[in-house]
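Here the structure comes first, spelled out in structure tokens, and everything after it is commentary.
The values are calculated or read from the model by the stated rules, or taken from the named source; none is laboratory data. Predicted model only: the values in this text are computed from it and were never measured. All Cβ positions, even for glycine, are placed from backbone atoms using ideal geometry, and neighbour counts span all protein chains on display. Ligands, DNA and RNA are stripped out before the accessible areas are found, and what is left, the full protein with its side chains, is counted by its heavy atoms. Shrake-Rupley method; radii C 1.70, N 1.55, O 1.52, S 1.80 Å.
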Amino acid sequence: MNIPFLSFDYTNKIIADEMQQAFTTVFNSKWYVLGKEVAVFEKDYATFCNTQYCVGVSNGLDALILSLKACGVGKGDEVIVPSNTYIATVLAITHAGATPIFAEPDESTYNITAEGIEPHITTATKAIMPVHLYGQSCDMQTIMQLAAKYNLKVIEDNAQAHGALCHNQPTGSWGHANASSFYPGKNLGALGDAGAVTTNDAAIAAQINMLRNYGSAKKYYNEVEGYNMRLDELQAAFLSVKLKHLESFTALRCQAADRYHALLQNADEIKLPVTAKHCTHVFHLYVIRTKQRDALQQYLNSKGIGTMIHYPVPPHLQNAYKHLGYSKGAFPIAEAIAESCLSLPIYPGIEEEEIAFVCDSIKEFI
């Protein structure tokens, strides 16, 4: 078999006509920046996330940067962030002028917890940035309680978990500002770069609206030093189409994950994903762990099975952050995850037979 790590074949076939119509509508409108399509998507995505406001922006990294700035995070501030996140989360903190403070994740769920965050809180701490890694919600209830205790801001990195829940409340609705990425490979993906910030705070929404558009609320009148970080009309139109199908596509991801669980539950030396109590997982990624990760990946590749490593180098060991002064061993949990994690193929439309072939191949390797 030839099983890619990611395929758009199934989803693109279902939405092709709607996407073509969306393109035609935008093309014929002759209005391509901050028009009707952005406004419609912002309204619908806010409803999906159960928030009052959504501001469409250029990508997920910019959504994080603007969220931090709108929450008043800047030079001299510390932001607590997972030690095992994708580097974009950390880049946002340093671009905002703040200092990232790494907290180790729970070893089962790979998400940071209130218990792991609290020891890192200092007088310089301004915010907590939980990341809903791989598609599973963090335990936001306890994190928000901790933030309230210390009067801290919370910015959710919701790039991978569109539609996940904690205590039946969606990710992207808990924090003071919450950043989503709509990179094409995400569960809700555009046909290029795109992002959004969701919030229930009118002042934060207004600030991000200005910051994304040159610091302007009224054309040619600039209230603050802003950026050009706007969601464009075409991507908003495409996202509106995909948002209508997100629930059904997510159900297919979860069915695929259940199939992996069933077939790999007794596989020796393979650690399967664990979902925390009161939380749900939308399986942006299906990540297993094994001490033989590199050899297993090579074996699966020889069988025509695509895999990925999310992520091979933790942020504190990246050359970009060498100046922070960390060395190998500083965050052993993050480093152990990086050395042993392997993401298996998962996407809407993957066949049961393909999943069975992947699992059989893993068992053969073992």
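With the largest listed first and rounded to whole Å, the semi-axes of the equivalent ellipsoid of the stretch 236-352 from the Cα gyration tensor are 28, 21, 15.
Over all distinct Cα pairs, what is the inverse of the mean 1/r for the chain, reported as the Kirkwood hydrodynamic radius in Å?
Over the chain, the inverse of the mean reciprocal pair distance is 21.1 Å.
Amide H contacts of LEU231 (H built 1.01 Å from N, in plane; Pro and chain starts excluded): VAL57, SER58 sit under 5 Å, all sequence-distant by 5 or more or on other chains. So what does the Cα-only Debye profile of the stretch 305-351 read at q = 0.15, 0.16, 0.32 Å⁻¹, as log10 I(q)/I(0), no solvent term? With one equal scatterer per Cα and no solvent, log10 I(q)/I(0) is -0.49, -0.54, -1.16. Pairs exceeding a 19 Å alpha-carbon distance, out of LYS153/LYS322; LYS75/LYS218; LYS271/LYS291; LYS36/LYS218; LYS43/LYS244: LYS153/LYS322; LYS75/LYS218.
Each Lys and Arg Cβ is given +1 and each Asp and Glu Cβ -1; about its Cα centre, the stretch 60-206 then shows a dipole of about 380 debye.
Put simply, the convex hull of the Cα atoms in the stretch 80-194 casts, on average, a shadow of 6.9 nm².
Give me the mean projected area, in nm² to one decimal, of the convex hull enclosing the Cα positions of the stretch 149-277. Don't skip to the end; give the middle numbers.
Values: hull surface 45.9 nm².
The Cα convex hull of the stretch 149-277, projected and averaged over all directions, gives 11.5 nm².
Positive end of the dipole of the chain (Cβ unit charges, origin at the Cα centre): among MET1, PRO332, PRO82, the Cα lying farthest that way belongs to PRO82.
Of the residues LEU252, THR275, ALA320, the one whose Cα sits farthest towards the positive end of the charge dipole of the stretch 246-365 is ALA320 (charges of +1 on Lys and Arg Cβ, -1 on Asp and Glu Cβ, taken about the Cα centre). For the pair ILE309 and THR24 in one chain, pulling the backbone fully straight at 0.36 nm per residue adds 98.8 nm over the alpha carbon distance. The mean sequence distance of close C-alpha pairs (under 8 Å, at least 6 residues apart), as a share of the length of the chain, puts its relative contact order at 23 percent.
Between SER7 and VAL274, the modelled labels are 3.3 nm apart [label points 7 Å from Cα along Cα→Cβ].
Report the FRET efficiency, 1/(1 + (r/R0)^6), for GLU352 and GLU225, where r is their Cβ-Cβ distance and R0 is 56 Å, rounded to 0.05. Let's see the in-between values first.
On the way: r = 54 Å, r/R0 = 0.96.
Efficiency for this residue pair is about 0.55.
The residue among TYR150, THR109, ALA217 whose Cα reaches farthest toward the positive pole of the charge dipole of the stretch 8-241, with charges on the beta-carbon of Lys, Arg, Asp and Glu, is ALA217.
Only protein heavy atoms count here; under a 1.4 Å probe, CYS71 has an accessible surface of about 10 Å². Here the Debye sum runs over all C-alpha atoms of the stretch 19-91 as equal scatterers in vacuum, and log10 of I(q)/I(0) at q = 0.14, 0.26 Å⁻¹ comes out as -0.65, -1.21. Magnitude of the charge dipole for the chain, about its Cα centre and with charges confined to Cβ atoms of Lys, Arg (+1) and Asp, Glu (-1), is about 780 debye. Taking 0.36 nm per residue of sequence separation and removing the Cα-Cα distance, the THR99/ALA148 pair yields an extension gain of 15.6 nm. The ASP44 and GLU118 beta-carbon pair, evaluated with R₀ = 30 Å, returns a calculated FRET efficiency of approximately 0.25.
Please work out the FRET efficiency for the pair SER108 and LYS244, using the Cβ-Cβ distance as r and a Förster radius of 30 Å; give the result to the nearest 0.05.
For SER108 and LYS244, the calculated efficiency is 0.30.
Largest GNM mean-square fluctuation among ALA338, ALA88, ALA124, using the chain with Cα springs under 10 Å: ALA124.
Compute, for the stretch 246-365, the length of the dipole vector about the Cα centre, with Cβ point charges of +1 (Lys, Arg) and -1 (Asp, Glu) only. Units Debye, rounded to 20. Charge dipole of the stretch 246-365: 560 debye, to the nearest 20. Computed with a 1.4 Å probe over protein heavy atoms only, the accessible area of ILE14 comes to about 70 Å².
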